[in-house]
Every structure is written in C-alpha cells, then in structure tokens.
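This report refers to the structure that appears directly beneath it.
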Amino acid sequence: MRIYTSYFGNLRKLSNAGIVPVSIARWNPRWFEGISYRIAAPLPDMLRDDITREQYISQYNGRVLRNLDPARIVRDLQMLTGDRDCALLCYEKPGDFCHRRLLAEWMLRETGLEIPEFGVVEKPKEPEIIEQTLF
C-alpha cells in the first residue's frame, strides 16, 4: 500500500489511478461519500479565522499529532482501504498551506515513510558545481 496526500478537487484523477480517497478533513464536502479518518483532522477551534499559521502548526502538532501513533495510522489505513493505495484528502490545493502536509512531514520524521502529494512531481535538485583550481 502506498499513501499519498491530495485534495477533494482531485477525486476524478485519484479514481482513474485506482487510489482510494480518505478524508482527513474536519468536515467533508456534502458530495463526498468516501472514507473519513477524522482522527487526523484539525480540531474545530483550530479552524478559526483569527488563528495564525504558527499557532495552527503548534496546535496541530501538540493537540492532534502528539496523540497519534504513526504505526496505528498505517494499520488503520490498510484496514479501511483493503491495503490498497490511498490518498489523504483535505480542501487545499497543492502548494497551499494545509494540515495534510504537516501530517506527511510528521510521518516522515517519525517513521521514515514518505507520503508524496499525488500528481506533483518534485523538481530534481540541481547538481552542486564544485570549482577546482590548479593551485
């Protein structure tokens, strides 16, 4: 099973790729009939307009992620999806700030498991040029 992140606007592409959508949003769009995994969703008071990005990150890390077990998340997703590839969804488009990437970064730190954004190809790093001198 491979785990990705994505957003609700990408459902058709996910479906065409055979990837099971799993919402990690606090509230799903009315039309979404897929799997919800709210254990990884932000808490309702974290979604206020007056909270800064720094406060949100601190609260998501301290109030949500701190209470989760990365191995349990993987086991839960395997069970919920029948061990099929899945994508953890929220509303924001790739590149926008969102909690799905905070979750993915936390999983990488905690387990070494990379969770890429579906359909986004990262640019390869430019090779480092080392200038040598003759003297």
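The values are calculated or read from the model by the stated rules, or taken from the named source; none is laboratory data. Because the structure is predicted, anything quoted here is derived from the model rather than measured. Glycine also receives a Cβ, built like all others from the backbone with ideal geometry; neighbour counts cover every protein chain displayed. Ligands, DNA and RNA are stripped out before the accessible areas are found, and what is left, the full protein with its side chains, is counted by its heavy atoms. Shrake-Rupley method; radii C 1.70, N 1.55, O 1.52, S 1.80 Å.
Whole number in Å², please: accessible area per residue of the chain, 1.4 Å probe, ligands, DNA and RNA not counted.
Each residue of the chain exposes 68 Å² on average to a 1.4 Å probe.
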Exercise. Using a 1.4 Å probe over the heavy atoms of the protein chains, calculate the carbon and sulfur portion of the accessible area of the chain as a whole percent.
Key: 50 percent
Practice problem: Using only Cα atoms, figure out Rg for region 50-92 and give it as a multiple of 2.2 N^0.38 Å. | Solution: 1.48
Practice problem: Order the peptides 19-28, 57-66, 102-111, 44-53 from the highest to the lowest mean number of other Cβ atoms within 10 Å of their residues. | Solution: 19-28, 102-111, 57-66, 44-53
Practice problem: Could you give me the radius of gyration and the Dmax of the chain, taking only the C-alpha atoms into account and expressing both in angstrom? | Solution: 17.4, 70
Exercise. Report the convex hull volume per residue for region 12-80, counting only C-alpha atoms, in Å³.
Key: 115 Å³
Quiz item: Top mean-square fluctuation among P116, P42, P29, Gaussian network model of the chain, C-alpha springs under 10 Å?
Solution: P29
